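What follows is a short report on a single structure.
The values are calculated or read from the model by the stated rules, or taken from the named source; none is laboratory data. The structure displayed is predicted, hence computed values, not measured ones. Neighbour counts run over all protein chains shown; Cβ positions are idealised from the backbone, glycine included.
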Amino acid sequence: MKVAFLLLTLLTASSVGLHADPAAEAKALAAKAIEAAGGEAKLLRIFRMRERFNSGPALADPAKANTRESILEAPQYWWLIGKDRDGEPAKFDVWAWTLVALTDLKTAMETVPGVEENGKTTLALRLTGSIEPAMDLHFDHETHRLVRMDWRNDIYRFSEWRTHDGFGYQAKTVMHKRKTNEPWFHHEILEIERLTVAPASLPR
C-alpha cells in the first residue's frame with residue numbers, strides 16, 4: 001500500500017512538472033531578479049549616470065579612458081550633452097540591466113537553458129515583443145543577480161554589484177563579440193543619481 005501511494009505521488013509530481021506553465025515560470029524568475037535588485041518600486045526609471053569606458057581587448061588606464069555624463073529614461077531617451085541619442089540601440093541595453101524591461105506589458109518572456117558563467121549554470125530569460133531581436137538575460141542561480149546578457153552580436157558580462165537608493169546593479173560590463181568571445185569594450189558606472197523627472201529643458 002505504501003509503495004503504491006509513493007508511486008502515485010511520484011507520478012503526480014512528474015505530471016505537474018510536465019504541465020508546468022512556461023509563462024508562470026518566466027514571471028517567477030523575473031520576480032526573483034527584480035526582488036534581488038531591491039524590488040519593483042526601487043528600479044531606476046529616470047536617472048543621471050556618469051560612466052568610464054574604452055574600446056579594445058583590455059581595460060584602459062583610468063586616466064586614459066573616456067568619461068561622460070548623461071540622463072536616461074530608457075528605452076525612449078538617452079540624453080547626452082543635452083541631446084537625445086536618437087536610434088541608439090544601447091537604450092535597450094540600459095532598459096534591460098535596470099530590469100525595467102521585465103515590468104513592461106509588451107515584453108514577452110520565456111525561460112531558456114542557462115549557460116556556464118563563473119563556474120555556475122545561469123537561470124535565463126528570453127525577452128521578445130518589446131525588444132527585437134530577442135535578448136537573453138542570465139541570472140546567478142543563487143542570488144538572482146544579472147550576470148550576463150546576450151543580444152545582437154554581443155555578449156555582455158556584468159560584475160561588481162553596487163547599490164544606489166535601494167537599487168542593486170552591476171557596475172562593470174565587458175562586452176564580447178558573440179562569434180569569437182573576444183572582449184572589445186569595457187564599461188564602468190562611476191556614479192548614479194535617481195531622478196523623479198527628467199529636466200524640462202531636455203528635448204522629447
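Scanning region 17-69 for residues that are closer than 19 Å to W95 by Cα, of a type in the set (K, R) and assigned to a loop (DSSP other than H, G, I, E, B) returns a single hit, R45. Scan region 5-22 and give yes if some residue there is surrounded by fewer than 11 Cβ atoms within 10 Å (Cβ to Cβ) and modelled with pLDDT of 95 or more, otherwise no. Scanning region 5-22 turns up no residue that is surrounded by fewer than 11 Cβ atoms within 10 Å (Cβ to Cβ) and modelled with pLDDT of 95 or more. Against the condition under 27 Å from L195 (Cα atoms), free of Cβ contacts under 8 Å to residues at least 12 places away in the same chain and of a type in the set (A, V, I, L, M), how does L105 come out, does it pass? So L105 fits the description; yes. Taking the listed residues R145, R126, R194, the one that is under 14 Å from the mean Cα position of the chain (by Cα), farther than 17 Å from A26 by Cβ and surrounded by fewer than 19 Cβ atoms within 10 Å (Cβ to Cβ) is R145, with no other qualifying. Residues considered: L80, L72. Of these, the only one that is touching a Ser or Thr at 6+ places or on another chain (Cβ under 8 Å), hydrophobic (A, V, I, L, M, F, W, C) and without any contact (Cβ under 8 Å) to a residue 60 or more places away in the chain is L80. Looking only at residues of region 101-123 that are among the small types (G, A, S) and more than 18 Å from L43 (Cα to Cα), we find that the one that is surrounded by the fewest Cβ atoms within 10 Å (Cβ to Cβ) is G119. Screening S130 on (1) without any contact (Cβ under 8 Å) to a residue 24 or more places away in the chain; (2) farther than 26 Å from P57 by Cβ shows it passes everything except condition (1).
Among the residues of region 148-165, the ones that are surrounded by 16 or more Cβ atoms within 10 Å (Cβ to Cβ) and either of a type outside the set (D, E, K, R) or in contact with a Gly (Cβ under 7 Å, 6 or more places away or on another chain) (or both) come to 7 in all. In the set V115, V174, only one residue is touching a Pro at 6+ places or on another chain (Cβ under 9 Å), among the aliphatic types (A, V, I, L, M) and at pLDDT 95 or above; that residue is V174. Restricting attention to region 159-197, the residues being assigned to a loop (DSSP other than H, G, I, E, B) and among the acidic types (D, E) number 2.
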